[in-house]
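Engineer: I'd like to ask some things about the structure below.
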Amino acid sequence: MRKVISVRLKEELVRQIDNRYKQLGFDSRTDFIKEAIKFYLNRKVK
């Protein structure tokens, strides 16, 4: 099951995400953010 969450980000951070997600091979901002969260959580667990 999927859940939707709302997140407020500073405009500059959103601008950085928008400038990079396609360069990194992601189809959308959402896909990039999901992978970034997974990456962060996996690094913190190890």
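Read-outs throughout are calculated quantities, based only on the coordinates presented, and are distinct from any laboratory measurement. From a predicted model like this one, the values you see are computed outputs, not experimental measurements. We place every Cβ from the backbone using ideal geometry, glycine too, and count neighbours over all the protein chains shown.
Engineer: Lysines near residue 22 by alpha-carbon distance under 17 Å, same-chain residues fewer than 8 away left out - which ones?
Structural biologist: 34
Engineer: Order by neighbour count: 2, 29, 15, fewest other Cβ atoms within 10 Å first, most last.
Structural biologist: 2, 15, 29
Engineer: What distance in nm separates the simple spin-label points at residue 42 and residue 15, each placed 7 Å from Cα in the Cβ direction?
Structural biologist: Placing both labels 7 Å beyond Cα along the Cβ direction yields 3.1 nm.
Engineer: If one takes the longest principal axis of the Cα atoms in the chain, at what angle in degrees, from 0 to 90 and to the nearest 10, does the Cα axis of helix 11-20 lie?
Structural biologist: Helix 11-20 sits at roughly 90 degrees to that axis.
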